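Below: the structure, in structure tokens.
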Amino acid sequence: MELNVVLLIMLVSCAATAATDYVRPPPRATLSFPWSKKRSSEPQQVHISLAGEKHMRVSWTTNSKHSPSVVEYGTSSKNYSFASKGESTSYSYFLYSSGKIHHTVIGPLEHNSLYYYRCGGEGPEFQLKTPPSWFPITFAVAGDLGQTEWTKSTLDHINQCKYDVHMIPGDLSYADYLQHRWDTFGELVQPLASARPWMVTQGNHEKEYIPMLEDSFKSYNSRWKMPYQESGSVSNLFYSFEVAGAHVIMLGSYTDYDKYSDQYSWLKADLTKVDRKRTPWLLVLFHVPWYNSNEAHQHEGDDMKAAMEPLLRAAGVDLVLAGHVHAYERTNRAYNGRSDPCGAVHITIGDGGNREGLANKYVDPQPEWSIFREASFGHGELRIVNTSHAYWSWHRNDDDEAVRSDQVWLTSLSGLECLNEKADHEPRKMLLEP
Ligand SMILES: *[C@@H]1O[C@H](CO)[C@@H](O)[C@H](O)[C@H]1NC(C)=O
Ligand SMILES: *[C@@H]1O[C@H](CO)[C@@H](O)[C@H](O)[C@H]1NC(C)=O
């Protein structure tokens, strides 16, 4: 207790004298998950995701192969007026066999409402809140989560903020081939992920590819099914969704992105469908950052950036959120390696708390497009207040207090000249050409 007080005083006085003397906390231990006996039909690892207008996908796992993929739900507790039946899958990976993984879409659901539900006809009751139909809406964002004491700290802080949708730009469980860690990750995030939609895209730690033995993204695709069919995509690795006036695109850094790829044609088609009157805000998430002045992972995103950045600029993307680098960085609006008022703001937020620790070496001098950079664990919150304004804040998990360390008002490009560029403008041409 006393030690804590002394530490706190030291921290406060350090912060007061020189912000640059901030002492970064070291990585924390991996969480241990004591084995507990569960009935084989008990629903585990419950999480929800948006699945098209007014619909939500409920995903969970049971050890029993006979448990039905049914979700009962309603607007008052223990009174389930509705039921939906879904599908199930399972996979094996080396000697590991997964449980039965259920995916059941429920709806139509009212906006901004509380629903009570249970999975498989038994087990505990869960509660979820649907997002609002229009602004304001709040997104929580954290990448590179893992399952350490720092992850827990990040999740606790996210749990304290009032958010509607959680978005993860890749690297979820850090299972790294040990499949039971996907199960413990599911258990760790269930309290949050069963209550608000978790929208994820994949990172390198989701790949788990073993040449000639195991395909890429086997466990990720089986467990974290996202609304790719609902958004006209052929792959769970890239998709989009619309919520409360925001069009959000999830891209894959580890699947083909060149001009002739499925992902590229899908992205182009998806951007062409965006209507900035219906969704004045346009957001994009993927794992490997395109603007990164940390020494870690320098230039890894260059090829994808070269292929896809003109499309994003032509469509007037407001904000790009990436992970991968275990630190936080925010840029000016940028395009083609320079500040550009019609480019996107890029934020790297790969500091959710994984076991690999922080990346704290930076390229000097700080590039002209880089506004704020710091290596600390934390999470971000994006509160879109109306068609033109959004408030972004980054919260550092400092000494177990979520300290707000960076904040900025963002304005949407939907009201600006950028979207009215002439058809002979190079990025515009790329978006329009068949
Ligand atoms: C159960 O829900 C229905 C429909 O939502 C409602 O009409 C009914 O009054 C509820 N019953 C109880 C006991 O709460
Ligand atoms: C949007 O919100 C900002 C910030 O609160 C405010 O200054 C602006 O007037 C609002 N715009 C509209 C159209 O309500």
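The values are calculated or read from the model by the stated rules, or taken from the named source; none is laboratory data. Just so we're clear, the structure is a prediction, and the values are computed from it rather than from any experiment. As a convention, Cβ positions derive from the backbone with ideal geometry for all residues, glycine included, and neighbour counts pool all protein chains shown.
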*Is it fair to say Asn336 is in the same structural domain as Ala402 (by TED's automatic domain parsing) and buried (at least 24 other Cβ atoms within 10 Å of the Cβ)?*
no
*Hey, does the stretch 87-103 have a residue that's within 14 Å of ligand 1 (Cβ to nearest atom) and of a type outside the set (Asp, Glu)?*
no
*Considering only residues of the stretch 81-102 that are among the aromatic types (Phe, Trp, Tyr) and over 21 Å from Phe126 (Cβ atoms), which is nearest to ligand 2 (Cβ to nearest atom)?*
Tyr91
*Identify, by number, the condition in (1) more than 14 Å from ligand 2 (Cβ to nearest atom); (2) surrounded by 17 or more Cβ atoms within 10 Å (Cβ to Cβ) that Ser414 doesn't meet.*
(1)
*Go over the candidates Thr138, Thr104, Thr130 one by one and state the one that is farther than 30 Å from Ala322 by Cβ and of a type in the set (Val, Ile, Thr).*
Thr104
*Inside the stretch 351-371, can you point out the residues that are at pLDDT below 95 and buried (at least 21 other Cβ atoms within 10 Å of the Cβ)?*
Asp351, Gly352, Gly353, Asn354, Leu358
_One residue from Lys78, Lys37 being charged (D, E, K, R), on the phi > 0 side of the Ramachandran plot and either outside the structural domain of Leu155 (by TED's automatic domain parsing) or within 16 Å of ligand 2 (Cβ to nearest atom) (or both)_ = Lys78
_Unique match (being part of a helix (DSSP H, G or I) and of a type in the set (Ser, Thr, Tyr)) among Thr184, Thr138_ = Thr184
*Within the stretch 384-398, can you find the residues that are within 14 Å of ligand 2 (Cβ to nearest atom) and surrounded by 22 or more Cβ atoms within 10 Å (Cβ to Cβ)?*
Ile384, Ala390
_Selected residue (only one of Glu374, Glu381 is in the same structural domain as Asp156 (by TED's automatic domain parsing), within 16 Å of ligand 2 (Cβ to nearest atom), surrounded by 15 or more Cβ atoms within 10 Å (Cβ to Cβ) and of a type in the set (D, E, K, R))_ = Glu381
*Could you please let me know if Leu95 is among the hydrophobic types (A, V, I, L, M, F, W, C), farther than 22 Å from Lys65 by Cβ and surrounded by fewer than 19 Cβ atoms within 10 Å (Cβ to Cβ)?*
no
*Does any residue of the stretch 32-48 turn out to be closer than 19 Å to Leu114 by Cβ, of a type outside the set (A, V, I, L, M, F, W, C) and away from ligand 1 (no atom under 16 Å from the Cβ)?*
yes
*Selection within the stretch 126-177 - of a type in the set (Gly, Ala, Ser) and either under 24 Å from Pro43 (Cα atoms) or surrounded by fewer than 16 Cβ atoms within 10 Å (Cβ to Cβ) (or both)*: Ser133, Gly146, Ser173, Ala175
*Answer from Ser41, Ser36, Ser67, Ser90 - the residue that is of a type in the set (Gly, Ala, Ser), surrounded by fewer than 16 Cβ atoms within 10 Å (Cβ to Cβ) and over 27 Å from the mean Cα position of the chain (by Cα)*: Ser36
_Count of the stretch 109-130 residues which are farther than 19 Å from Gly186 by Cβ, within 14 Å of ligand 1 (Cβ to nearest atom) and either part of a strand (DSSP E or B) or not charged (D, E, K, R) (or both)_ = 5
*Tell me which of these Leu178 doesn't satisfy, since it passes every other one: (1) outside any loop (DSSP other than H, G, I, E, B); (2) without any contact (Cβ under 8 Å) to a residue 12 or more places away in the chain.*
(1)
*Examine the stretch 351-358 for a residue that is within 16 Å of ligand 2 (Cβ to nearest atom), touching a Pro at 6+ places or on another chain (Cβ under 8 Å) and not hydrophobic (A, V, I, L, M, F, W, C), and state whether such a residue exists.*
no
_Just to check your reading of the model, which residue among Ala314, Ala306, Ala296 is without any contact (Cβ under 8 Å) to a residue 24 or more places away in the chain and either in the same structural domain as Thr411 (by TED's automatic domain parsing) or not in a helix (DSSP H, G or I) (or both)?_
Ala306
*Specify the residue that is nearest to Arg39 (Cα to Cα); the eligible residues are those in the stretch 70-86 that are surrounded by fewer than 14 Cβ atoms within 10 Å (Cβ to Cβ) and within 16 Å of ligand 1 (Cβ to nearest atom).*
Lys78
*Got a sec? Which strands (runs of 3 or more DSSP E) wholly within the stretch 44-106 have at least 2 residues that are touching a His at 6+ places or on another chain (Cβ under 6 Å) and touching a residue at least 60 places away in the same chain (Cβ under 8 Å)?*
56-62
